[in-house]
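None of the figures in this text is laboratory data; all of them are computed from the coordinates on show. Worth saying up front: this structure is predicted, and the values here are computed from it rather than measured. Quick reminder, even Gly has a Cβ in these numbers, built from the backbone with ideal geometry, and neighbours come from all protein chains shown.
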Amino acid sequence: MIGGAVAATILTFDQLHKAWMLYGLNIMARQPIRLTPFLDVVLSWNFGVSYSLFAAHAVVARVLLIGLQSLIVALLIYWLARSKNLWTCIALGGVIGGALGNMTDRVFRGAVADFFYFHSTLPVGPLANYVFNLADVGITIGAGLLLYESLTLGPSSTPDHSHDRSDIK
């Protein structure tokens, strides 16, 4: 239940923010907006996945990308439905909500609208020049929580099945 609420919240905030940026604030006429020396607000259309990998300008390629995203979201929803851990549910909700936000853009706008441009003149790795949106934040935080949870769960957190005698007939 909580994972679905997290997913719905992220999807809603992402789509409201994108509508505000595109139509209310009219970012296209005002860009770039410098927030800090390393963060600007711009409009960038992403026709692929992260860093515009697998850019899909053709309709067939876009439909295939949407199909792949749908399959991944369905698998994440299945995982969420089976999960009993609160943090796993919250994390999966973040990933699902973000994925649905970006997928909604791809379906209705043809590409994903990104606005926050993180940049640096230093060679600081993959985030040296990265444009993202609120859906990407949900995905990143959710994936980070899943990673943290997987690294911090010790053997004591695994279920004790020593009392389970279902193998005896």
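Observations
- At full extension, S120 and L153 could sit 8.4 nm farther apart than now, given 0.36 nm per residue minus the alpha carbon distance.
- Sorted by Cβ neighbour density within 10 Å, fewest at the top, the residues R106, R82: R82, R106
- Scalar couplings 3J(HN,Hα) for the range 132-148, obtained by applying the Karplus form with A = 6.51, B = -1.76, C = 1.60 to θ = phi - 60°, are 9, 9, 5, 4, 5, 5, x, 5, 5, 5, x, 5, x, 5, 4, 5, 4 Hz; x denotes Gly and Pro.
- Label-point gap, in nm, between W45 and A74 - each point 7 angstrom along Cα→Cβ: 2.9
- Sequence of K18, K84 once ranked by neighbouring C-beta atoms within 10 Å, starting from the fewest: K84, K18
- Bins of 5 Å from zero: percent of alpha-carbon pairs in the range 2-151: 2, 10, 17, 20, 19, 16, 11, 4, 1, 0
- Placing a label point 7 Å from the Cα of Q31 along the Cα-to-Cβ direction, the residues of the range 88-125 whose backbone N falls under 12 Å of that point are 112-118.
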